[in-house]
Structure formats: structure tokens, C-alpha cells
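The values are calculated or read from the model by the stated rules, or taken from the named source; none is laboratory data. A quick note: this is a predicted structure, and the numbers were derived from the prediction, not measured. Here the Cβ is made from the backbone with ideal geometry for all residues, glycine too, and neighbour counts use every protein chain on show. Accessible surface is based on the protein model in full, side chains and every heavy atom, while ligands, DNA and RNA are left aside. Shrake-Rupley method; radii C 1.70, N 1.55, O 1.52, S 1.80 Å.
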Amino acid sequence: MKGFRDILPENIEKWQLLEETAKSIFKSFGYKEIRTPILEKTLTFERGVGDATDIVEKEMYTFLDKSGESVTLRPEGTAGIARAFIENKLETSVFNKLYYIGPMFRYERPQKGRFRQFHQIGAECFGIKNPAIDAEIIFINKLLFERLNIKANLEINNIGCPVCRPAYTKVLIDYFENYKDSLCTDCQKRLYKNPLRILDCKNEKCKIVVKGAPKLKDYVCKNCQEHYNSTKEYLKALNIEYIENDMLVRGLDYYTSFVFEFTNTITLSAGGRYDNLISDLGGGNICGVGFALGEERLIDMMDTKVQNNIDIYIANLSVTFYALQILQILKNFPYSVYCEYSSKSLKSMLKKADKLNTSVSIIIGENEQKSNTCIVRNMKSSNQQTIGVEQLENILKGVFYVT
């Protein structure tokens with residue numbers, strides 16, 4: 001199906017490495033995992049993400065369920081987590097730092113690193129106004145890239161809040177009205193609904209018009225400016241370099257004040273502050289900040305070579321009951337085991353063990369079954385020995401732990 005793909009066993013270890021690295025970092029900073037439904041009420045995204053955004057207008061998988069209610073496959077993580085935060089009264093919980101990993105869905109043109117079903121890793125923090133938490137979110141994001149040996153540049157901007165943004169929106173509309181015919185079709189539609197999105201348009205004609213547009217930084221209020229300046233100071237304290245990008249606005253309406261992106265020819269991750277999202281969804285006046293990254297894009301950039309190794313291969317020469325006994329002996333050992341059940345020659349089984357990058361093959365046949373023994377073959381050196389099965393633990397320790 002177009003835009004949907006299988007993740008095959010030979011690729012899955014890169015995914016596991018990315019996700020396990022992210023989990024380890026999140027846990028070390030006190031973030032707890034949250035899992036929300038893939039299917040949400042459409043209103044969650046219309047009110048949260050914004051009904052004038054490209055996501056809501058053009059990209060969501062939305063349909064009526066059997067009761068006639070409009071539901072949507074989640075296109076992003078933050079709105080659903082904010083909904084869960086409200087419904088489960090998490091404002092009373094000691095855990096206000098959350099992370100998530102899972103699939104998202106958007107109907108858009110599939111391209112490299114971008115699919116209709118894609119996967120996101122993200123973190124959210126609720127109820128902390130101090131700009132130090134913005135810096136912490138960026139620090140965690142940057143640390144993940146460093147652990148994965150991925151180079152990325154940080155871009156930041158101040159996009160104002162509902163107090164100061166209306167004045168800027170008005171002058172922006174006045175400016176773009178003079179160049180309306182030069183804007184692309186999408187930006188002509190955005191002009192009165194969501195003019196800030198024009199600043200981020202990738203159309204070359206729109207880029208030319210945008211160069212002369214009024215700067216948002218000239219209209220932000222004192223509170224937004226102070227928060228932005230403090231965040232920059234905290235980033236410096238963490239030795240995090242950044243580039244200020246006046247055109248960075250993000251495509252989701254819930255963002256306020258401080259926003260950021262990590263880029264490397266393409267956007268690798270993005271986030272910022274969303275101080276009104278909880279209240280927009282019917283909750284209290286609780287602020288928030290977070291980020292998300294697309295796993296597919298990072299997987300494409302990871303140069304880590306992961307081998308799909310199997311530690312032990314049981315070459316079963318038609319003694320399946322005995323093979324299962326050996327499997328039981330190995331169940332508490334910290335090794336991955338592949339037991340062969342097909343009728344094959346020993347030569348073909350050892351070839352298969354090589355393809356599995358196996359360290360040890362345990363060879364068993366009728367003679368071994370009768371004598372309660374097995375042949376342990378070191379696949380690296382080709383040395384092998386016959387031992388009693390009660391010796392397996394010590395022999396395997398020698399193979400895996402002695403260098």
C-alpha cells in the first residue's frame with residue numbers, strides 16, 4: 001500500500017537501537033513513558049493542532065465510526081498526550097515529564113524518510129514555566145543525536161503568544177496583500193487563515209516575497225522576549241550552539257514563544273513551547289514544552305552497523321525431543337538461541353549458522369541423545385568438542401566471556 005511499508009528483520013535492530021537509546025536518555029532525565037490510542041476524536045486535533053493547518057486541512061486520515069462520530073488516526077503525538085493529561089487528571093501526578101514512541105499517520109506524498117505511516121519519538125513536560133526546561137528539552141534532543149553519531153544544527157526563534165501575535169498577524173496580512181498574486185496557491189489560502197505559515201513556505205516565489213516581510217521579533221511582547229532571552233542564556237550554559245532563524249514558525253498552531261528545529265539538510269526534529277494547548281483542549285491554565293523526531297529520517301542517517309547475530313545455533317539431526325531438552329537447559333542463559341527443526345544435512349545447517357553470524361553451534365544426533373552429550377563447535381575457530389550436557393554452562397561461558 002502506497003506510503004506504508006514493512007520493517008524487516010534485517011533492519012529492525014537499527015530501530016531497536018534508536019528506540020532503546022532514546023528510552024535510556026529519557027529515563028535518565030526522569031521522563032516516564034505514556035502510550036495513547038492511535039485513534040482519537042477528530043476534535044482533539046482540530047482544537048489542538050489547529051483547523052487552519054495543513055495537517056488538519058489536507059493530511060489527516062479522518063472517518064466516521066459506526067456511531068457516526070468523526071475519528072482520526074493520530075497525525076502527531078502532542079495533542080493526544082495533552083488530551084490524556086487532562087482526562088486522567090495528571091496535573092495532580094508527580095510525573096509531569098512524559099515521553100512516547102509510536103506510529104503516526106498523515107496522507108501526504110511519500111518520499112525519502114517520509115511515509116504515510118511514520119514513527120515518532122517525543123517528549124513533553126507540563127506545568128513548568130521556567131525557560132530552563134526549554135533548554136533541558138533541547139539538551140536531551142541533542143544528546144540523542146550525539147549518542148547516535150548524527151550531526152545536526154540547532155535553529156531557534158521567538159514566535160510570540162496570543163497577547164502579541166495578533167498585532168504582528170495584522171501587519172503581516174497587510175504586507176502580503178500587496179504581493180498576493182505572487183504567492184503560491186497554498187499561501188493565498190493561508191493569507192487570512194494562518195499567515196505565519198507563509199514565512200515557512202518552500203516555494204521559491206514565496207521565499208522572495210517573504211524576504212521583505214515585517215519581522216516577528218519586532219512585535220513580541222516583553223514576557224515572550226524575556227523568556228526567549230533566558231532560554232538562550234541557558235543554552236549557552238549547556239554549551240549548546242544555535243542559529244536564530246526569523247523564518248522558523250513551525251506548522252502547528254499550538255506553539256507559542258520559543259520554538260526550535262534540529263536540521264541537517266532536512267529537519268530531523270522540532271519542538272517548542274505550547275502554553276495554551278491544555279486550556280484550548282478544555283483543561284486548566286497549564287503550560288507545556290516538548291519535541292518530536294521522525295524515526296525514519298534518523299534511521300536513514302544512522303551509519304551504525306548492526307549485525308543480526310544469533311549466539312547459539314542448535315544443529316538438530318532428527319532428534320527433536322532431545323533438541324527441546326537442550327533448549328530448556330539454555331532458557332536461563334543470557335544467549336540468543338536458534339533451534340533447527342527442519343530435516344537438513346549437517347553441512348547445510350552449519351552454512352545457515354554462518355549466515356546467522358552464530359558464535360557457537362550445538363550439534364546433536366542419535367549418538368548424542370543416547371549418551372546425553374552434545375558437540376559444541378566454535379564457529380569462529382572451527383574447533384569442536386563433545387561434552388556432557390551438564391557441562392554446557394561452563395563451556396559456553398568460556399566461549400562468550402574469555403577473550
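What does the charge dipole of the stretch 255-403 about its Cα centre add up to, to the nearest 20 debye, if the Cβ of each Lys and Arg holds +1 and the Cβ of each Asp and Glu holds -1?
So the magnitude is around 760 debye.
Scan (1) 74; (2) 70; (3) 65 for the value of percent of Cα pairs over 25 Å apart calculated from this model and give just the label.
Checking each listed value against the structure points to (3).
Rounded, prolate or oblate, given the Cα gyration tensor of the stretch 56-140, with a/c below 1.5 counting as rounded?
Oblate is the answer for the stretch 56-140, as a/c is 1.5 or above yet b/c matches or exceeds a/b.
Taking 0.36 nm per residue of sequence separation and subtracting the Cα-Cα distance, how much length would be gained by fully extending the chain between D174 and D280, in nm to one decimal?
35.4 nm
What nm value, rounded to one decimal, do you get for the distance between E393 and K215 when each label is placed 7 Å out toward the C-beta?
Between E393 and K215, the label points sit 7.1 nm apart.
Between helix 165-177 and the chain, what is the angle of the helix's C-alpha long axis to the longest principal axis, kept within 0 to 90° and rounded to the nearest 10?
Computed tilt is about 80 degrees.
Over the heavy atoms of K170, what accessible area does a 1.4 Å probe trace out, to the nearest 10 Å²?
130
Using the Karplus curve 6.51 cos²θ - 1.76 cosθ + 1.60 with θ = phi - 60°, work out ³J(HN,Hα) for each residue of the stretch 81-98 in order, rounded to whole Hz, and write x for Gly and Pro.
Values, residue by residue: 5, 4, 4, 5, 4, 6, 5, 9, 6, 6, 5, 8, 7, 6, 9, 10, 10, 10 Hz.
Would you kindly find the accessible area of C161, with a 1.4 Å probe and non-protein molecules such as ligands, DNA and RNA excluded, rounding to the nearest 10 Å²?
C161 exposes around 20 Å² with every protein chain in place.
Taking a ≥ b ≥ c as the square roots of the eigenvalues of the Cα gyration tensor of the stretch 44-202, is the shape rounded (a/c under 1.5), prolate (a/b larger than b/c) or oblate?
Rounded shape, in that the Cα axes give a/c under 1.5.
Using a 1.4 Å probe over the heavy atoms of the protein chains, calculate the carbon and sulfur portion of the accessible area of the stretch 278-403 as a whole percent. The partial results should precede the final answer.
On the way: 3200 of 6800 Å².
Exposed carbon and sulfur together represent 47 percent of the surface.
Give me the one-decimal nm value for the distance between modelled label points at S336 and I243, 7 Å along each residue's Cα-to-Cβ direction.
Label-label distance for S336 and I243, simple model: 3.9 nm.
Given R₀ = 22 Å, what would the calculated FRET efficiency be for I128 paired with S28, taking r from the Cβ atoms and rounding to 0.05?
0.75
What accessible area per residue comes out for the chain, rounded to a whole number of Å², with a 1.4 Å probe?
On the way: 20640 Å² over 403 residues.
Accessible surface, normalised per residue, equals 51 Å².
Under a crude label model (7 Å from the Cα following the beta-carbon direction), how far is S67 from R35 in nanometres?
If labels sit at S67 and R35, their model points lie 2.3 nm apart.
Arrange the peptides 312-318, 33-39, 62-68 so that the one whose residues have, on average, the most other Cβ atoms within 10 Å appears first.
Details: 312-318: 22.7, 33-39: 13.9, 62-68: 9.1.
Going from most to least packed, we get 312-318, 33-39, 62-68.
Once the Cβ-Cβ distance between N357 and Q111 is put in as r, and R0 is 22 Å, what FRET efficiency do you end up with, to the nearest 0.05?
Working from the Cβ atoms, E equals 0.10.
Explain nothing, just the number: dipole magnitude of the chain about its Cα centre with +1 on each Lys and Arg Cβ and -1 on each Asp and Glu Cβ, in debye rounded to the nearest 20.
Roughly 560 debye for the chain.
Mind ranking L154, L8 by accessible surface for me, highest first, 1.4 Å probe?
Per-residue accessible area, sorted high to low, gives L8, L154.
Rank S279, C374, V163 by how far each Cα sits towards the positive end of the charge dipole of the chain (+1 on Lys, Arg Cβ; -1 on Asp, Glu Cβ) and give me just the farthest.
C374
Along the charge dipole of the stretch 95-147, pointing to its positive end and built from +1/-1 on Cβ of Lys, Arg, Asp and Glu, which listed residue (F105, A132, L144) has its Cα farthest out?
Result: F105, furthest along the dipole toward the positive end.
Of D134, D303, D181, which has the most accessible area and how do the rest follow, probe 1.4 Å?
Working: D134 0, D303 110, D181 150 Å².
Order by accessible area, largest first: D181, D303, D134.
Using a Förster radius of 22 Å, what is the FRET efficiency between T92 and E20 based on their Cβ-Cβ separation? Nearest 0.05, please.
After rounding, the FRET efficiency stands at 0.10.
Between their Cα atoms, which of K215/K236; K2/K211; K32/K397; K170/K205 are more than 26 Å away from each other?
On the way: K215/K236 24 Å; K2/K211 37 Å; K32/K397 36 Å; K170/K205 22 Å.
Cα-Cα > 26 Å for K2/K211; K32/K397; rest within.
Where the centre of each part is set by its Cα atoms, how far does the stretch 180-232 sit from the stretch 46-117, in angstrom?
25
In the chain, with Lys and Arg counted as +1 and Asp and Glu as -1 at Cβ, which of these residues, S348, P195, Y234, has the Cα nearest the positive end of the dipole, that is, farthest along it?
S348
Can you give the relative contact order of the chain as a percent, counting alpha carbon pairs under 8 Å and 6+ residues apart?
Numbers: 671 pairs, mean separation 64.1, N = 403.
So the answer I get is 16 percent.
Where nothing but the Cβ of Lys and Arg (+1) and of Asp and Glu (-1) is charged, how large is the charge dipole of the stretch 31-70 around its Cα centre, in debye to the nearest 20?
Computed charge dipole of the stretch 31-70: roughly 220 debye.
Take the alpha carbon gyration tensor of the stretch 205-286, find the square roots of its eigenvalues, order them as a ≥ b ≥ c, and report rounded if a/c is under 1.5; if not, report prolate when a/b exceeds b/c, else oblate. Please list the in-between numbers first.
Details: a/c = 1.44, a/b = 1.19, b/c = 1.21.
In terms of gyration-tensor shape, rounded.
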